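Below is one structure, written out as structure tokens; the observations come after it.
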Amino acid sequence: MPAMPSRLPRLAVIATAAGVFSALFGVGGGTVIVALLILWMGYGEREATGTSLTAIVIIAAFGVAAQAAYGNVDPAKGLLVGLPAIAGVLAGTALQQRLPPRAVSIAFAVLLVISAAVLVL
């Protein structure tokens, strides 16, 4: 991996793209941060995922505040979606640790391709 000073501009681009995608579409972590950390920064799948989840905490907090300013936040519905997702996060993390990194990368790529096809069609 390159030295930190040479990595900072790339990390800034990744972070900015994630913020824009988060605000526009409600996504940023999996589709932007993980992919670019792997492709541009040489992170492993697991490290990219953990780093992305850490960044999402910060991105989500500011995203909620910005969306709330426009009246787009329904806390009850957010809890209805968010609380059960905790079980999914725990199960997904346990599964990711048991699968070979290549299998996780392939599954992620398939998910992105299918998502893109569904959105376009």
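Every read-out reported here was derived from the displayed coordinates using simple, explicitly stated rules and does not represent laboratory data. Model, not experiment: these values are computed from the prediction. Here the Cβ positions follow ideal geometry from the backbone for every residue, glycine too, while neighbour counts run over all protein chains shown.
Remind me, relative contact order of segment 28-86 in percent, using alpha carbon pairs under 8 angstrom and six or more residues apart? Walk me through the numbers before you get to the answer.
Working: 21 pairs, mean separation 15.7, N = 59.
Once normalised by length, the contact order is 27 percent.
Want the number for LEU39 to TYR70: 0.36 nm per residue separation, take away the alpha-carbon distance, what's left? Intermediate results must be reported in sequence, preceding the final value.
Numbers: separation 31, 0.36 × 31 = 11.16 nm, distance 3.49 nm.
Using 0.36 nm per residue and subtracting the Cα-Cα distance, I get 7.7 nm.
Run the simple label-point estimate for VAL81 and VAL110 please: 7 Å along Cα→C-beta, distance reported in nm.
2.5 nm
For the chain, modelled as a Gaussian network with Cα springs under 10 Å, which listed residue fluctuates most, GLY26, GLY82, GLY42?
Top of the fluctuation ranking is GLY82.
Quick check on the chain: take the gyration tensor over C-alpha atoms, sort the square-rooted eigenvalues as a ≥ b ≥ c, and tell me if it's rounded (a/c under 1.5), prolate or oblate.
Since a/c reaches 1.5 but b/c is at least a/b, the shape of the chain is classed as oblate.
For the chain, return all DSSP H helices satisfying: extent of Cα atoms along own axis at least 24 Å; mean Kyte-Doolittle hydropathy at least 1.0. Kindly include the intermediate steps, with their values, before the conclusion.
Working: long enough: 4-25 (30 Å, 1.18); 45-69 (35 Å, 0.97); 75-98 (34 Å, 0.83); 101-120 (29 Å, 2.27).
Qualifying helices: 4-25, 101-120.
Rounded to the nearest 0.05, what FRET efficiency is calculated for VAL120 and LEU99 with R0 set to 22 Å and r the Cβ-Cβ distance?
With R0 = 22 Å, the Cβ-Cβ based efficiency is 0.15.
Along the Cα-to-C-beta direction of VAL57, a point sits 7 Å from the Cα; which residues of segment 76-98 have their amide N less than 16 Å from that point?
Inside the label zone: 86, 89-90.
Per the Kirkwood definition applied to all pairs of different Cα atoms, how many angstroms is the hydrodynamic radius of segment 8-61?
On the way: mean 1/r = 0.0937 Å⁻¹.
Its Kirkwood hydrodynamic radius stands at 10.7 Å.
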